[in-house]
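Asks: Just passing along the structure, written as structure tokens.
The values are calculated or read from the model by the stated rules, or taken from the named source; none is laboratory data. This structure is a prediction, so every number in the text was calculated from the model and none was measured. When we count neighbours, we look across all protein chains shown, and the Cβ atoms used for this are built from the backbone with ideal geometry, even at glycine.
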Amino acid sequence: MARSVEPLVVGRVIGDVLDMFTPAATVFTAHYGSKQVMVDPDAPSPSEPRLREIVVDIPHGHDATKGRELVPYMGPCPPTGIHRYILALFKQERAAAAGGIQLPNGRANFNTRQFAAQNGLGLPVAALYFNSHKEPALKKR
């Protein structure tokens, strides 16, 4: 197993959300609030993943702010507990303007594998995730 996907395996991102892949992107960094593809598969519950944003037509070697946002960014708003936020990068073979990307019907129940298959994206070229924890309002520190 490639070392770079090991955290994704341990965090069950590979298996729950993505299939095993070999990273092809040499650098994939994320800055909170930037234009990235973001999925929260645990909010409001593990059975109802929620889409955060879709950006397409990102020029090769550039950041996502240079792409075209098809689904506007929606920031994290986890209910109580720990939630994973997953960013997946796919190689887009054809421009979205040429009918290359079929949008999901909504944000709820988003399925990353199904979206990739419908749009001929194949496996990701990179992915990362982070956890967010929100404590109940009644809990005192």
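Asks: Within segment 121-141, count every residue that is closer than 17 Å to Val55 by Cβ and small (Gly, Ala, Ser).
Replies: The qualifying residues number 2.
Asks: Only residues that are assigned to a strand (DSSP E or B) and without any contact (Cβ under 8 Å) to a residue 60 or more places away in the chain: list them for segment 80-106, please.
Replies: Matches in segment 80-106: Gly81, Ile82, His83, Tyr85, Leu87.
Asks: Return the total of residues in segment 117-141 being modelled with pLDDT of 85 or more and polar (S, T, N, Q).
Replies: Number satisfying all stated conditions: 2.
Asks: If you don't mind, there's one more thing I want to ask. Out of all the residues in segment 11-25, which are crowded, with 18+ Cβ neighbours inside 10 Å, in a helix (DSSP H, G or I) and out of contact with any Phe, Trp or Tyr (no Cβ under 6 Å at 6 or more places or on another chain)?
Replies: Of everything in segment 11-25, just one residue is crowded, with 18+ Cβ neighbours inside 10 Å, in a helix (DSSP H, G or I) and out of contact with any Phe, Trp or Tyr (no Cβ under 6 Å at 6 or more places or on another chain), namely Ile14.
Asks: Now for a separate question. Could you list, in sequence order, the residues of segment 107-130 that are in contact (Cβ under 8 Å) with a residue 24 or more places away in the chain and either β-branched (Val, Ile, Thr) or outside any loop (DSSP other than H, G, I, E, B) (or both)?
Replies: Scanning segment 107-130 gives Ala108, Thr112, Arg113, Ala116, Val125, Ala126, Ala127, Leu128, Tyr129, Phe130.
Asks: Continuing with this model, one more query. Restricting attention to segment 56-92, report how many residues are under 25 Å from Gly15 (Cβ atoms), of a type outside the set (A, V, I, L, M, F, W, C) and out of contact with any Gly (no Cβ under 9 Å at 6 or more places or on another chain).
Replies: Total satisfying the criteria: 7.
Asks: For segment 52-63, give me the residue count where each residue is surrounded by 20 or more Cβ atoms within 10 Å (Cβ to Cβ) and farther than 17 Å from Leu121 by Cα.
Replies: Residues in segment 52-63 being surrounded by 20 or more Cβ atoms within 10 Å (Cβ to Cβ) and farther than 17 Å from Leu121 by Cα: 1 in total.
Asks: Just to be sure before I move on: is Gln114 surrounded by 13 or more Cβ atoms within 10 Å (Cβ to Cβ), at pLDDT 85 or above and of a type outside the set (Gly, Ala, Ser) in the structure I sent?
Replies: no
Asks: Specify the residue that is farthest from Phe28 (Cα to Cα); the eligible residues are those in segment 72-107 that are surrounded by fewer than 12 Cβ atoms within 10 Å (Cβ to Cβ) and aliphatic (A, V, I, L, M).
Replies: The extreme case among them is Ala98.
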